[in-house]
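Remarks on the structure that follows.
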Amino acid sequence: MAAGALEVLKARAEQRTNDYVFPGDGAKGHLISPKKGWKRILQRAKIKDLRIHDLRRTMGSWQASTGASLAIIGKSLGHKDFATTAIYARLNLDPVRQAMETATNAILSSAGVTTPAQVHQIGSAKRAIG
């Protein structure tokens with residue numbers, strides 16, 4: 001758990017009035033949906049059209065862009081199906097490019113190639129298939 005989140009939960013535990021981390025005024029005694037609080041947050045921040053689920057998507061997107069594996073992203077977002085998490089794979093190809101560059105350099109290094117190759121224009125030559 002993120003250190004900041006843990007601090008918030010510890011502070012809430014010290015102030016709690018019942019067994020729930022997020023108590024509520026309803027019959028069940030706990031928060032079921034934070035609609036009112038979310039609305040207040042959006043009003044104070046002067047933000048329109050932002051859903052709570054967008055926060056989950058943002059976390060998954062940032063995890064993908066900072067190199068987290070799909071398994072880690074899925075676990076942190078509570079996904080049970082890998083296909084649900086796979087959408088984050090397309091968000092950032094930089095780790096893929098970096099991995100390919102690293103592997104290519106390792107191959108060239110093991111072959112003793114130390115200078116970049118010269119690229120020559122081949123043109124529109126056609127090969128006979130036969």
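Brief remarks follow.
- Some residue of segment 46-64 being more than 25 Å from Phe22 (Cβ to Cβ) and touching a residue at least 12 places away in the same chain (Cβ under 8 Å): yes
- Only listed residue being surrounded by 12 or more Cβ atoms within 10 Å (Cβ to Cβ) and either among the basic types (Lys, Arg) or over 19 Å from Ala99 (Cα atoms) (or both), chosen from Gly78, Gly74: Gly74
- Annotation: of all residues in segment 72-95 being assigned to a helix (DSSP H, G or I) and hydrophobic (A, V, I, L, M, F, W, C), the one that is modelled with the lowest pLDDT is Ala89.
- Selection count, segment 54-71, where residues are out of contact with any Ser or Thr (no Cβ under 6 Å at 6 or more places or on another chain), surrounded by 12 or more Cβ atoms within 10 Å (Cβ to Cβ) and part of a helix (DSSP H, G or I): 9
- Tallying residues that are more than 25 Å from Gly78 (Cα to Cα), assigned to a helix (DSSP H, G or I) and modelled with pLDDT under 90 within segment 1-53 yields 2.
- Scope segment 33-53; condition hydrophobic (A, V, I, L, M, F, W, C) and surrounded by 10 or more Cβ atoms within 10 Å (Cβ to Cβ); matching residues: Trp38, Ile41, Leu42, Leu50, Ile52
The values are calculated or read from the model by the stated rules, or taken from the named source; none is laboratory data. No experiment lies behind these values; they were computed from the predicted model shown. Cβ: placed from backbone, ideal geometry, glycine included. Neighbour counts: every protein chain shown.
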